[in-house]
Amino acid sequence: MKIYTKTGDDGTTGLFGGARVKKASSRVEAYGTVDELNAVLGVVRATGLGELTDDALAHVQIDLFTLGAELACVPGKENKLALPLLDDDDATRLERDIDDGEAQLEPLQTFILPGGSPQAAALHLARTVCRRAERAVLAIDDAPPRTALVVYLNRLSDLLFVLARVANHEQRIADVPWVPHPRPAT
């Protein structure tokens, strides 16, 4: 099988279920951003994370592939995927991972800036891409996304924030506090 099909040369792509849509459609933007998030998580995992963080993200990458596949379907044809879709249990798993991560950390006393260790910085980047994916999913204009997808992405961004703090903690590097610059005297 060749990697190129030439069917998209006219600026369209095929959805599961048979329809063709413009590559610039809100649906393609959404699943493309989910794919981008998955790729960023691959980069994050290549930075050398703790075992629990890496295991959690390995599971998330599989989830994101499933989520993207659902978004790449003609609305109402998701059953053609023949795979279990994300549900409330998946968001609950992320909540457990968040709680496990927070149990290792001191409570936040201030806002923090992205940074610290390379692992934490990469996780913060993934968090921002996750938020963009969430916005893109909410912007799909041909059919509203299932609530489970929006909840999952919302929890995932929270998890990525906590995992960034965990990465700094494991490296014994302090989170970078946000300290506003004082206003100059007038």
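The values are calculated or read from the model by the stated rules, or taken from the named source; none is laboratory data. Everything numeric in this text was worked out from a predicted model, so none of it was measured. Reconstructed Cβ throughout: ideal geometry from the backbone, glycine too, with neighbour counts over all protein chains shown. Accessible surface is based on the protein model in full, side chains and every heavy atom, while ligands, DNA and RNA are left aside. Shrake-Rupley method; radii C 1.70, N 1.55, O 1.52, S 1.80 Å.
Site-free segments of the chain were taken between chymotrypsin sites (Phe, Trp or Tyr not before Pro) in DSSP loops having at most 11 other Cβ atoms within 10 Å, sites themselves excluded; the longest one is 5-110. Here the chain is treated with +1 on each Lys and Arg Cβ and -1 on each Asp and Glu Cβ, and its dipole about the Cα centre works out to around 840 debye.
Report the accessible area of residue 141, computed with a 1.4 Å probe over the heavy atoms of all protein chains in place, in Å² rounded to the nearest 10. Accessible area of residue 141: about 130 Å². In square angstrom, what is the accessible area per residue of region 100-186 with a 1.4 angstrom probe? It amounts to 59 Å² per residue over region 100-186. Across 133, 82, 120, mean-square fluctuation computed from a Gaussian network of the chain (C-alpha pairs under 10 Å connected) peaks at 82. If R0 is 30 Å, what FRET efficiency do you get for residue 54 and residue 3 from their C-beta distance, rounded to 0.05? Rounded to the nearest 0.05, the efficiency is 0.55. Label-to-label distance for residue 186 and residue 23 is 5.0 nm, based on points extended 7 Å past Cα in the beta-carbon direction.
Sparse packing (at most 12 other Cβ atoms within 10 Å of the Cβ) combined with a DSSP loop state is found for the following trypsin sites (Lys or Arg not before Pro) in region 128-186: 172. Taking every alpha-carbon pair under 8 Å whose residues sit at least 6 apart, the chain reaches a relative contact order of 28 percent.
The label point for residue 143 and the one for residue 65, both projected 7 Å from the Cα toward the Cβ, are 2.4 nm apart. Each part gets one Cα centre, and for region 81-113 versus region 146-174 those centres are 6 Å apart. Within the chain, helices built from complete DSSP H runs that reach 18 Å or longer along their own axis (Cα positions) and carry a mean Kyte-Doolittle hydropathy of 0.5 or higher are 147-170. Nonpolar atom fraction for the chain, defined as the carbon and sulfur part of the 1.4 Å probe accessible area, stands at 57 percent.
About its Cα centre, region 17-109 has a charge dipole of approximately 980 debye under the convention of +1 per Lys or Arg Cβ and -1 per Asp or Glu Cβ, with nothing else charged.
The equivalent ellipsoid that matches the C-alpha gyration tensor of the chain spans semi-axes of 34, 19, 16 angstrom, in descending order. Local charge for residue 117 was computed over the other residues whose Cβ lies under 15 Å away, with Lys and Arg +1 and Asp and Glu -1, and equals +1.
When the trypsin sites (Lys or Arg not before Pro) in region 1-79 are filtered for DSSP coil states and for at most 16 other beta-carbon atoms within 10 Å of their beta-carbon, the remaining sites are 2, 6, 23, 77.
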